[in-house]
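Derivation of every value follows stated rules applied to the coordinates shown; laboratory data play no part. Predicted model, so just to flag it, every value in this text is computed and none were measured. So basically every Cβ, Gly included, is an ideal-geometry build from the backbone, and we count neighbours across all protein chains shown.
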Amino acid sequence: MAGSVTSLGVGSGLDLEALVQNLLAAESRPIQLLESRKASIDLKISGFGQVQNALSEFQSAVTALNTAEAFRGVSASSSDESVLVASASQAAVPGSNVVVVTQLAQNNKQATQSFISDSEVIGTGQLSFTVGSESFNVDITSENNTLAQIRDAINADPNNNSVQASIINIDEGSKLILTAVESGAVNQINFTVTDDDANNADDAGLSRLVFGIQEIDAAQDATFQVDGFAVTRPSNQVTDVIQGVTLELSGLGTATVSASEDLGVAKTTIETFVTAYNSLTATLAAQRDSTLSGENTLINIESRIRQLFSQTYNDSSSNINYLFQVGLSFDRDGILSFDTEEFDSVIATDFAEIQNIFTNSDNGFITLLEDVIEGYTESEGILTARTDGLNDEKESIDEDIERIEIRLESVEARLRAQFGSLDSLLSQLNSTSSFLTQQLANLPLSNNSS
């Protein structure tokens, strides 16, 4: 095709190559039209991709609205955080409790006697540990009998979930430190040695690890009172005493724990939802006015979502049945707005009904809205089907282009053959003409004088 090396026109002196290229350009006009259609389809696919992304972002805002935390914030505070820090979950009930901490829970910690260094060979045998309901044994051989190797063997034992071994290096030497992973009196470390030298209690061999062992921190429970009632727990993190409140005990003394509601959380969540909705409709409008003009899918998306705003929710006995009653409304341009003053006027007295409008799992606004969105965004949804259809159309166009290009190759071959023959014929005629002209020029002139 165009650009191929040729000698057309050499014999005739005519620009036959240009003539061939012009004829091929006319024949390839359908390809240009098909490529233009492909470019238009690519723009539509990109447009649907932007709609898909906008719907996914809107879906995230919708999902965030469908939780208890979205409507009711609960917080807990402590009057003295040097004694305890408090936090709350949705299960917390507003109120206050006086907590008096008399003892903090501790992890049992024990230290061996001092050794020259962590590379000192201690001995061989077996170490046995019992902590709470867990027991495990560690074999010590000539391959792992230095203080450092013994530390590593304890920590690496697959049955050990209760003891952490470490080494401290002090002025008098190196000590092996054994610390219970969990706090509480039940997690006392019971440590014995079976020494290969047959004496398990002397200051020689492996038994040196238990000879003169020192307790640094006793295993103890946390003890405290809540409103005058005694409580004992193995940990300083307490989750099961005050409903929905976690206590982190940190010191001895008295602190008042207060739990309170924050209904303003619902307002913030709805404001975020309104922003996400308006962003979605702006994207839909922009695409309708450009690459997706005439696509009914976009109109259907907005129409189906808008219908849910005017639907009746809750039963007839409820004070709140419509979204406009909580401050949601549309202006003449279709922009969603949120009247926070109107919302504040009803949230305090009708909180449960407002929450039910949004989060009822059977026919709440969010449940119905998620169903609509998923119908468009899921893997077999409407947008995917529309995009797949466009891609199929592109593939069909590519096949049409390929067929035309194959036909153009045949057309080009035929044209070159035809014009090649013409060029040869014209070349021969030109040669004959030149010969005759030369012969005629050589004829003697007639002598007309007598």
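Does the chain come out rounded, prolate or oblate, given a ≥ b ≥ c as the square roots of the eigenvalues of its C-alpha gyration tensor, rounded meaning a/c under 1.5 and, failing that, prolate meaning a/b above b/c?
On the way: a/c = 5.48, a/b = 1.83, b/c = 2.99.
Judged from the Cα gyration tensor, the chain comes out oblate (a/c at least 1.5, b/c at or above a/b).
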- [ ] Please order THR269, THR192 by the number of other Cβ within 10 Å, starting at the fewest.
- [x] THR192, THR269
Open item on the list: Could you tell me which residue out of PHE330, THR272, SER318 lies farthest along the dipole of the stretch 268-389 toward its positive end? Charges go on the beta carbon: Lys and Arg +1, Asp and Glu -1, centred on the Cα centre.
Closed with: PHE330
Open item on the list: For LYS38, give me every one of the lysines with a C-alpha distance below 21 angstrom, ignoring sequence neighbours fewer than eight places off in its own chain.
Closed with: LYS394
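Can you classify the stretch 181-236 as rounded, prolate or oblate using the Cα gyration tensor, where a ≥ b ≥ c are the square roots of its eigenvalues, rounded means a/c under 1.5, and otherwise it's prolate if a/b beats b/c and oblate if not?
It is prolate, given that a/c is not under 1.5 and a/b is the larger ratio.
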Task: Theoretical ellipticity at 222 nm over the chain - DSSP helices of four or more residues, -39500 (n - 2.57) apiece, nearest 500 - done: -14500 deg cm²/dmol
Open item on the list: As I understand it, the value is the acute angle between the Cα axis of helix 16-27 and the longest principal axis of the Cα atoms of the chain; what does it come to in degrees, rounded to 10?
Closed with: 50 degrees
Open item on the list: Based only on other Cβ atoms within 10 Å, what is the fewest-to-most ordering of SER379, SER82, SER318?
Closed with: SER379, SER82, SER318
Task: Highest-MSF residue in the chain out of VAL51, VAL245, VAL231 [GNM, Cα springs under 10 Å] - done: VAL231
- [ ] Towards the positive end of the charge dipole of the chain, with charges on Cβ (+1 Lys, Arg; -1 Asp, Glu), say which of PHE351, PHE191, ASN53 has the farthest Cα.
- [x] ASN53
Open item on the list: How tilted is helix 29-65 with respect to the longest principal axis of the chain? Cα atoms for both, answer in degrees (0 to 90, nearest 10).
Closed with: 20 degrees
Open item on the list: Quick check on the exposure proxy: order ASP344, ASP392 from fewest to most C-beta atoms within 10 angstrom.
Closed with: ASP392, ASP344
Task: In degrees, nearest ten, helix 365-377 long axis to first principal axis of the chain (Cα) - done: 40 degrees
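Roughly how many debye, to the nearest 20, is the charge dipole of the stretch 109-217 about its Cα centre, given +1 on each Lys and Arg Cβ, -1 on each Asp and Glu Cβ, and no other charges?
The calculation lands at about 220 debye.
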Open item on the list: Please give the charge dipole size of the chain, origin at the Cα centre, charges +1 on K and R Cβ atoms and -1 on D and E Cβ atoms. Round to the nearest 20 debye.
Closed with: 1860 debye
